[in-house]
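Encoded as structure tokens, the structure appears first; notes follow it.
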Amino acid sequence: MEVKADARKFYEIECDALVVNIYEGEKPEEGALAELDKRSGGVITSLIENGELSGKSGETVYLHNPGDIAAKRLLLLGGGKLADYNNDVVRRMIGTAARFLRAKNVRKFAFLRRSQLPLGEAVQAGVEGALLSLWDGDKYKTSEREEKLIEQLIVATVEGDSQSLVQSAERGRILAEASNLARSIINEPSNFMTPTELARQAEEVAQKYGLEFDVLDEARMKELGMGALLGVSQGSAEPAKMIVMTYTPTAEPTSNETIAIVGKGVTFDTGGISIKPADGMEKMKYDMAGGATTIAAMRAIAQLKPAVNVIGIVPAVENMPGGRAQRPGDVVRSMAGKTIEVINTDAEGRLVLCDAMTWVQKKYSPKVMVDLATLTGAMIISLGFEHGGIFSNDDDLAESLIKAGKAAGDPLWRFPLSPAYDKLIDSPIADIKNVGPREAGSITAAQ
């Protein structure tokens, strides 16, 4: 989808549809909204007076032949309260508009910017919203697929130089396409997206975007002492892989320190011998979402070219029951030298991640390590789907990530870490056990 800015009067822009947001309680008394009301023969006033349009978030009114404007159609969107209008609202509104208009066979639409938000940020958010909303997970459908495309998004504005708008739009495109790559990988069925295939796709990304690539096989991991990770993998016919993607800036880095991203890559999680209930188990193909996100993040980083060293690690395994699968009560030894009593084989993510994180620490001594993990069901009980949970041993890092989550429209909520919780995962026969009681389940996973 092409994105461009157009500084002409909004009513002069030729396109299939013009999208305009209206705030809650607003009336077309001045400015662009008054001009639009006049050119459309008072239709906005009529809609408001008849109660068909109040400006509440999520409202849509779609009009053909809207009067004396160059656009063929007009889409009015409720923008909610003006005081609450932010970049995330822009992201959601443009996403709603793009998906709605694609269904109407619209190829090119313009968005009239009506806010005091910084122009560049709003353009980026709008591009993100459009591209994210247009992603579909119907790759394997062989019928009832319609190739309807939005080809061009026009931002109607008189502010800002075109080069800065192009840069903002490009940044939005890079971030949204990376997010959609992660969604596409996550959505693949597990008979296709094995650890080997995940490594192949990561290598493809690395080659295309200039990242260094390596993959540790089971023999190398065994030499390194990754008993926790390999214990999870041993019940599967699919071999484990440790994917390594490295970004080195072309410009002089701001420091020689490294940021590490470690993403959980359990391509399917049956729970192992502690097998999960059948209901909903098909969703366990999503248990490599952290790994997919890491691969996508490394792609975006390679395109955005920050002046910092970044390494992305994806420990990829299947957790399967079988004759060789580890059993509840087994003891494994992690790369850090700790012995772990496996109480529940379905608490496998922490076993996989602990060896990956130890390897990163020993090899790269990163300043910052961000672990992306689909842990745990207890987190969804705590927060539902409105926030992601975050644990950190560094206040500044936690605040930075919370701030980033807010800017991206993916808010985070911080949970505690404390030595007081360690007693919940003490083992009578080993250094630690891999799961504690039901209470504080996510915290003991993080501990």
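The values are calculated or read from the model by the stated rules, or taken from the named source; none is laboratory data. Computed from a predicted structure; not experimentally measured. Virtual Cβ from ideal backbone geometry, glycine too; neighbours counted across all protein chains shown. The protein model used for the area step is the full one, side chains on, heavy atoms only, and it has no ligands, DNA or RNA in it. Shrake-Rupley method; radii C 1.70, N 1.55, O 1.52, S 1.80 Å.
Residue by residue through region 300-325, note down the ones that are assigned to a loop (DSSP other than H, G, I, E, B) and open to solvent by 10 Å² or more (accessible area, probe 1.4 Å).
Selection gives Lys305, Pro306, Ala307, Val308, Met320, Pro321, Gly322, Gly323, Arg324.
Determine whether region 380-391 contains at least one residue that is open to solvent by 30 Å² or more (accessible area, probe 1.4 Å), in contact with a strand residue (DSSP E or B) (Cβ under 8 Å, 6 or more places away or on another chain), under 29 Å from Gln234 (Cβ atoms) and of a type in the set (Phe, Trp, Tyr).
yes
Might you check whether a residue that is within 26 Å of the chain's Cα centre (by Cα) and not basic (Lys, Arg) occurs anywhere in region 154-161?
Yes: region 154-161 contains one or more residues that are within 26 Å of the chain's Cα centre (by Cα) and not basic (Lys, Arg).
Which residue pairs have Cβ atoms under 8 Å apart, sit 6 or more places apart or on different chains, and have a first residue in region 189-216 that is crowded, with 16+ Cβ neighbours inside 10 Å and a second that is in a strand (DSSP E or B) and aromatic (Phe, Trp, Tyr)?
Ser190/Phe268; Ala202/Phe213; Glu203/Phe213; Ala206/Phe213; Leu211/Tyr247
Looking only at region 99-127, count every residue that is out of contact with any strand residue (DSSP E or B) (no Cβ under 9 Å at 6 or more places or on another chain) and either at pLDDT 95 or above or among the basic types (Lys, Arg) (or both) and tell me the total.
Filtering region 99-127 for residues out of contact with any strand residue (DSSP E or B) (no Cβ under 9 Å at 6 or more places or on another chain) gives 99, 102-103, 105, 116-118, 120-121, 124-125.
Imposing the further condition that a residue be either at pLDDT 95 or above or among the basic types (Lys, Arg) (or both) reduces the set to 99, 102.
Going through region 99-127 one residue at a time, the tally reaches 2.
For region 93-113, what are the residues that are touching a residue at least 60 places away in the same chain (Cβ under 8 Å) and surrounded by 21 or more Cβ atoms within 10 Å (Cβ to Cβ)?
Met93, Ile94, Ala97, Leu101, Val106, Phe109, Ala110, Phe111
Within region 272-299, can you find the residues that are aliphatic (A, V, I, L, M) and either open to solvent by 10 Å² or more (accessible area, probe 1.4 Å) or assigned to a loop (DSSP other than H, G, I, E, B) (or both)?
Keep residues of region 272-299 that are aliphatic (A, V, I, L, M), which gives 273, 275, 278, 281, 284, 288-289, 292, 295-298.
Answer for region 272-299, where residues must be aliphatic (A, V, I, L, M) and either open to solvent by 10 Å² or more (accessible area, probe 1.4 Å) or assigned to a loop (DSSP other than H, G, I, E, B) (or both): Ile273, Ile275, Ala278, Met281, Met284, Ala289, Ala297.
Go through region 291-330 and give me each residue that's under 22 Å from the mean Cα position of the chain (by Cα) and more than 22 Å from Asp214 (Cβ to Cβ).
Leu304
Are any of the residues in region 261-269 under 26 Å from the mean Cα position of the chain (by Cα) and open to solvent by 10 Å² or more (accessible area, probe 1.4 Å)?
Yes, there is a match, as at least one residue in region 261-269 is under 26 Å from the mean Cα position of the chain (by Cα) and open to solvent by 10 Å² or more (accessible area, probe 1.4 Å).
Which of the numbered conditions does Gly329 fail, given that it passes all the others? Conditions: (1) open to solvent by less than 50 Å² (accessible area, probe 1.4 Å); (2) in contact (Cβ under 8 Å) with a residue 24 or more places away in the chain.
Every condition holds for Gly329 apart from (2).
If we scan region 271-285, do we find a residue that is of a type in the set (S, T, N, Q) and under 23 Å from Pro437 (Cβ atoms)?
Yes, region 271-285 has at least one match.
Is there any pair with a first residue in region 222-244 that is under 23 Å from Ala260 (Cβ atoms) and a second that is among the β-branched types (Val, Ile, Thr) and open to solvent by 30 Å² or more (accessible area, probe 1.4 Å) whose Cβ atoms are under 8 Å apart and which are 6 or more apart or on different chains, and what are they?
Lys241/Thr196; Lys241/Val215; Met242/Val215; Ile243/Val215; Val244/Val215
Among the candidates Lys338, Lys406, Lys423, Lys362, which residue alone is under 23 Å from the mean Cα position of the chain (by Cα), surrounded by fewer than 19 Cβ atoms within 10 Å (Cβ to Cβ), over 24 Å from Pro321 (Cβ atoms) and not aromatic (Phe, Trp, Tyr)? Spell out the reasoning first.
Numbers: Lys338 fails: under 23 Å from the mean Cα position of the chain (by Cα); Lys423 fails: under 23 Å from the mean Cα position of the chain (by Cα); Lys362 fails: under 23 Å from the mean Cα position of the chain (by Cα).
Answer to the check: Lys406.
Looking at (1) modelled with pLDDT of 95 or more; (2) open to solvent by 70 Å² or more (accessible area, probe 1.4 Å); (3) out of contact with any strand residue (DSSP E or B) (no Cβ under 8 Å at 6 or more places or on another chain), can you tell me which one Lys72 breaks?
(3)
Taking strands (runs of 3 or more DSSP E) that fall entirely within region 1-112, which contain at least 1 residues that are over 17 Å from Gly129 (Cβ atoms)?
2-6, 17-22, 60-64, 73-78
I'd like the full set of residues that are of a type in the set (Gly, Ala, Ser), in contact with a helix residue (DSSP H, G or I) (Cβ under 9 Å, 6 or more places away or on another chain) and either surrounded by 21 or more Cβ atoms within 10 Å (Cβ to Cβ) or part of a helix (DSSP H, G or I) (or both), limited to region 217-250.
Result: Gly227, Ala228, Gly231, Ser233, Ser236, Ala240.
Please report, ordered by residue number, the helices (runs of 4 or more DSSP H) entirely within region 373-447 with at least 2 residues that are under 21 Å from Gly290 (Cβ atoms) and in contact with a helix residue (DSSP H, G or I) (Cβ under 6 Å, 6 or more places away or on another chain).
Hits in region 373-447: 377-383, 441-446.
Tell me which of these Ser168 doesn't satisfy, since it passes every other one: (1) closer than 21 Å to Gly405 by Cα; (2) crowded, with 23+ Cβ neighbours inside 10 Å; (3) in contact (Cβ under 8 Å) with a residue 60 or more places away in the chain.
Against the list (1) closer than 21 Å to Gly405 by Cα; (2) crowded, with 23+ Cβ neighbours inside 10 Å; (3) in contact (Cβ under 8 Å) with a residue 60 or more places away in the chain, Ser168 comes up short only on (3).
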